[in-house]
Structure formats: structure tokens, C-alpha cells
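Notes for the one structure printed next.
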Amino acid sequence: MGHFFGTCGIGFELTAHDSPVRLGLRRTRIVPKGVRCVVLNRREIVRQSGGAIALSLAQATITNAADKPRIRVGQIGVGHAHASKLAAYRSSPDYEVVGIAEPDDKLRRVAEKQAAFSGLRFMTREELLATPGLQAVLVESRVGDLLDNADAAIAAGKHVHIDKPPGESLPRFRKILENAARNKLMVQMGYMYRYNPAVALLREFLANGWLGDVFEVHAVMSKVVDPASRKSLAAYKGGMMFELGCHLVDLVVGVLGKPEQVFGLNQHVGPPDDTLLDNSMAVLAYPKAIASVKTTALEVNGFERRHMVVCGTKGTFHIQPLDNPVAKVTLEADCPGFKKGTQEVKFPKYIRYVDDAADMAGVIRGEKPDSFGPRHDLAAQETLLRACGLPAG
């Protein structure tokens with residue numbers, strides 16, 4: 001069986017220490033002949049594989065969060081495309097958001113008008129990091145500034161959430177991970193499919209060996225990028241593989257581990273007035289498996305075709321679309337909660353970043369180990385840089 005996300009500490013040892021989010025199962029509705037339908041319902045608890053299936057991270061912690069001191073968190077930067085995720089932390093009973101640091105006047109003025117940042121105090125990075133009781137920092141600056149800001153937060157003794165991808169320098173990222181591990185600080189990456197319920201169920205299948213030995217993984221993530229965004233993304237040599245492919249590389253490395261070989265093909269086929277590498281593919285080679293990652297800035301309604309397929313000797317797990325997931329699972333034999341043959345799996349509506357925030361709170365409070373860890377994060381970043389044709393030494 002392949003690797004799957006686990007915990008790791010100093011030394012960056014990737015293990016299967018922490019099981020993924022487990023969700024209840026409920027059967028429902030008539031489906032096409034030969035396809036059985038299963039609906040995952042977070043409110044139900046059933047017995048599976050000899051143990052109880054727990055609620056989602058967010059739901060499991062929300063009931064007792066009111067009895068615990070809130071974690072003081074701040075944010076550095078609003079220049080990242082996902083900077084508004086701060087709204088999830090403002091809504092969480094686990095956190096108290098103390099303020100934001102954004103040195104760019106233009107970005108700050110725009111952010112002040114957005115609901116995610118409304119009413120919050122803006123301050124300098126130094127003021128934020130010196131805030132009494134501050135425990136964690138979300139690093140949501142422009143990609144080129146992510147590592148500098150993360151480095152400063154780690155040096156100040158704060159846990160950090162770094163949005164993706166973590167820059168273009170592997171040595172600097174490695175140093176940040178090492179410094180954090182040395183000081184027992186969490187580094188959480190902002191890859192948005194990590195806590196996706198379909199991906200969590202996939203990890204459950206992998207952990208239990210229900211798919212057998214994985215020999216193939218294929219993942220696609222595309223969209224149409226507008227002209228202004230194309231020009232800004234062209235500043236990064238990795239193009240769309242760097243921008244969107246990073247999410248998929250994170251998933252593939254979670255399933256199969258670090259590849260032995262990486263072959264990247266990145267080309268520009270779009271408008272002639274920019275240089276964005278907008279049509280990309282990477283092949284990741286393993287001793288007994290091959291994975292492919294595909295991304296483009298040109299696909300009409302690409303969100304609907306975003307998908308991931310994992311094929312093993314005992315079954316296939318296909319998630320499509322990734323953003324509002326539905327899974328089609330085909331098995332050669334029954335396994336707990338699932339039958340031989342093909343079944344469609346439905347999930348509750350998924351809201352990004354809620355489970356990320358809940359997981360980070362659990363780690364900071366010492367209630368659970370890190371679900372991913374530095375060994376995985378470093379392997380994913382090295383693989384991404386190789387797929388982009390960038391230095392990975």
C-alpha cells in the first residue's frame with residue numbers, strides 16, 4: 001500500500017500516526033443500475049472497522065470550545081488570493097482574531113472594505129508579533145513574501161499557517177520547518193483539499209488497505225484565468241503548475257510519498273501578450289506506481305472537471321468534482337460500510353478552511369498531533385519545484 005498523510009516531528013519522519021477525519025455513513029436514494037449510493041452524514045455515528053466513526057474536526061471540537069480559552073491569532077498580509085479565509089477563524093469559537101499586518105497601503109484600503117477584515121485593527125508586522133498572548137499567525141501575503149513573513153513569525157515563537165505554495169526556495173522552506181520543529185511550533189500549509197471530506201475518506205481507504213496496492217493516481221485542476229491575473233501569475237516561472245498544480249502534488253505525495261523521478265511539461269499556448277506557462281502536466285514515477293498531474297489556465301468550466309482518481313489492486317476511488325465532492329468507489333470485495341461493485345458517495349456541503357482552523361486549534365492545545373507534518377510538506381514542495389522545472393536542491 002502507498003503512503004498516506006500522517007504525523008511527524010523533529011527529524012521529519014512521515015508516519016501513519018493520526019487517522020484521517022472519519023465520517024458517519026447513511027444509505028439513500030435510488031441510483032442507476034449497478035451503482036449503489038452512500039451518503040456521508042457527519043451527524044450520525046456508526047460502527048465501522050471495529051471502531052467508532054467520529055464527527056468532523058470542526059463539529060467534534062465546537063461543542064467544548066466554549067469551555068476553553070480562545071487562541072489569539074493574527075494575520076500577516078492580505079495579498080494572497082485566499083487571504084479572506086480569516087473569516088473562518090473569526091467565526092470559530094476556538095479563536096480570537098487580534099489584527100492584521102499589511103504594509104501595502106493599496107491592499108490595506110481594499111481589504112478594509114471587505115467583510116472578512118471589517119472592523120479589525122491593522123498594524124505593523126512588529127506590532128502584531130508583539131501582541132500579548134498571540135499564539136498563531138496566518139501568513140496570507142503575496143506568494144513572494146510568504147517565507148519572509150513565516151520566518152519572522154516562527155522567530156517570534158508563533159505557530160503559523162502558510163498559504164500555498166510556500167515560495168520558490170526549498171532551502172529556506174526547509175530551514176523554516178526545522179526552526180519550527182526545534183521550537184515545537186506547528187507549520188500548517190494552506191492546501192485547500194487536505195480537509196476535503198472525500199479526500200479524508202480516501203485516506204481512510206488507504207489506511208485500511210481497502211484499495212490494495214496503489215499503482216496509478218491521476219489528478220486535474222484547471223480554470224480560465226482572466227488577463228490581469230495571467231500577467232501577475234506569469235511572474236512565477238512555474239506557471240499554472242506552481243499556482244494550481246501545487247494542490248494536486250500535495251495530494252499525490254500524500255497517497256504515494258515522494259517520487260523517485262519527476263517529469264514536467266510546461267508550455268504557453270494562450271494569448272501572446274503574456275508569458276504565463278498556462279498548460280502544464282507532470283508525471284511522477286515510483287517503483288510500482290505512476291501518477292500524473294494536469295493543470296491549465298484555459299479550461300472552460302474547469303471547476304466541474306477537477307478530479308482525482310486513485311487506482312489500486314483491490315479497487316478504484318474517483319473524486320469529481322473536487323470542490324463539491326462526489327466519490328465513485330469501485331471495490332472487488334466488500335469492506336466495512338461499502339459493498340463489492342460500484343457505489344456513489346455523497347458528502348455534506350463542504351466549507352473550506354473550517355476544518356483547517358479546527359485542526360490547528362487541536363494541535364496548539366496539545367489535544368492531537370499534527371495531521372501532516374514537516375516531512376510531508378518538504379516532500380510535496382520539492383516535488384512541486386521539480387515539476388515546475390525550478391531548482392529543488
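Each value in this text was obtained by applying a stated rule to the coordinates, not by laboratory testing. Not measured: the values here are computed from a predicted model. Cβ atoms come from the backbone with ideal geometry, glycine included; neighbour counts cover every protein chain shown.
Run the quick spin-label model on ARG174 and LYS368: label points 7 Å from Cα toward the beta carbon, then report their separation in nm to one decimal.
Between ARG174 and LYS368, the label points sit 3.1 nm apart.
Past 29 Å, Cα to Cα, is the threshold; run LYS164/LYS294; LYS158/LYS231; LYS85/LYS288; LYS164/LYS368; LYS175/LYS288 against it and keep the listed order. Intermediate values should be presented prior to the final figure.
Values: LYS164/LYS294 18 Å; LYS158/LYS231 34 Å; LYS85/LYS288 38 Å; LYS164/LYS368 24 Å; LYS175/LYS288 32 Å.
Violating the 29 Å Cα-Cα cut-off are LYS158/LYS231; LYS85/LYS288; LYS175/LYS288.
Quick one: check the C-alpha center-to-center distance for the stretch 294-309 versus the stretch 121-171, whole angstrom.
Spelled out, the Cα-based centre of one part sits 31 Å from the other.
About the Cα centre, and with charges only on the beta carbon of Lys, Arg (+1) and Asp, Glu (-1), how big is the dipole of the stretch 216-335? Nearest 20 debye, please. Each step should come with its number before you reach the end.
Details: 11 positive and 13 negative charges, 32 e Å.
Magnitude of the dipole: close to 160 debye.
Would you order TYR286, TYR191 from fewest to most other beta-carbon atoms within 10 Å of each residue's own beta-carbon?
Working: TYR286 19, TYR191 22.
In order of increasing Cβ crowding within 10 Å: TYR286, TYR191.
Taking R0 as 41 Å, what FRET efficiency do you get between ASN208 and ASN324 from their Cβ-Cβ distance, rounded to the nearest 0.05? Before the final figure, lay out the partial values.
On the way: r = 25 Å, r/R0 = 0.62.
Rounded to the nearest 0.05, the efficiency is 0.95.
Which FRET efficiency, nearest 0.05, do ALA333 and ASP67 yield, Cβ-Cβ r, R0 41 Å?
Numbers: r = 44 Å, r/R0 = 1.08.
Here the calculated transfer efficiency is 0.40.
Just grab the label-to-label distance for HIS268 and LYS113, each label 7 Å out from Cα along the Cβ direction, in nm (one decimal).
Placing both labels 7 Å beyond Cα along the Cβ direction yields 3.2 nm.
Rounded, prolate or oblate: pick one for the stretch 60-189, where a ≥ b ≥ c are the square roots of the eigenvalues of its C-alpha gyration tensor, a/c under 1.5 means rounded, and failing that, prolate if a/b is larger than b/c, else oblate.
Working: a/c = 1.65, a/b = 1.09, b/c = 1.51.
Oblate.
Kindly identify the stretch 291-393 as rounded, prolate or oblate by the Cα gyration tensor criterion: order the square roots of the eigenvalues as a ≥ b ≥ c, call it rounded if a/c is under 1.5, otherwise compare a/b with b/c, prolate if a/b is larger, else oblate. Write out the running numbers ahead of the final one.
On the way: a/c = 1.55, a/b = 1.17, b/c = 1.33.
It is oblate, given that a/c is not under 1.5 and a/b is not larger than b/c.
Could you list SER118, SER280 so that the one with the fewest beta carbons within 10 Å of its beta carbon is first and the one with the most is last?
On the way: SER118 11, SER280 27.
In increasing order of surrounding Cβ atoms, one gets SER118, SER280.
Between ARG121 and ALA81, 0.36 nm times their residue separation minus their Cα-Cα distance comes to what?
Working: separation 40, 0.36 × 40 = 14.40 nm, distance 2.05 nm.
Length gained between ARG121 and ALA81: 12.4 nm.
Between THR316 and LYS184, what length in nm is gained on full extension when 0.36 nm per residue of separation is reduced by their alpha carbon distance?
Working it through step by step, the gained length comes to 43.7 nm.
What do you get for chymotrypsin sites (Phe, Trp or Tyr not before Pro) in the stretch 203-269 restricted to DSSP loop and a cutoff of at most 14 other Cβ within 10 Å of the site's Cβ? Show your work: numbers first, answer last.
Working: sites: PHE205, TRP210, PHE215, TYR236, PHE242, PHE263; in loops: TRP210, TYR236.
Taking the stretch 203-269 and a limit of 14 other Cβ atoms within 10 Å, no loop chymotrypsin sites (Phe, Trp or Tyr not before Pro) are found.
Within a 10 angstrom radius of the beta carbon, how do LYS237, LYS349 rank from fewest other beta carbons to most? Before the final figure, lay out the partial values.
On the way: LYS237 15, LYS349 6.
If I rank by nearby Cβ atoms, fewest first, I get LYS349, LYS237.
Treat every Asp and Glu Cβ in the stretch 269-353 as -1 and every Lys and Arg Cβ as +1, leave all other atoms uncharged, and give the resulting dipole magnitude about the Cα centre to the nearest 20 debye.
Working: 11 positive and 9 negative charges, 115 e Å.
Roughly 560 debye, rounded to the nearest 20.
Which net charge results for the neighbourhood of LEU233, defined as the other residues with beta-carbon distances under 10 angstrom from its beta-carbon, given Lys and Arg at +1 and Asp and Glu at -1? Each step should come with its number before you reach the end.
Details: positive: ARG230, LYS231; negative: GLU243, ASP274, ASP278.
So the surrounding residues net to -1.
Compute the FRET efficiency between SER91 and PHE303 as 1/(1 + (r/R0)^6), taking r as their Cβ-Cβ distance and R0 = 25 Å, and round to the nearest 0.05.
With R0 = 25 Å, the Cβ-Cβ based efficiency is 0.55.
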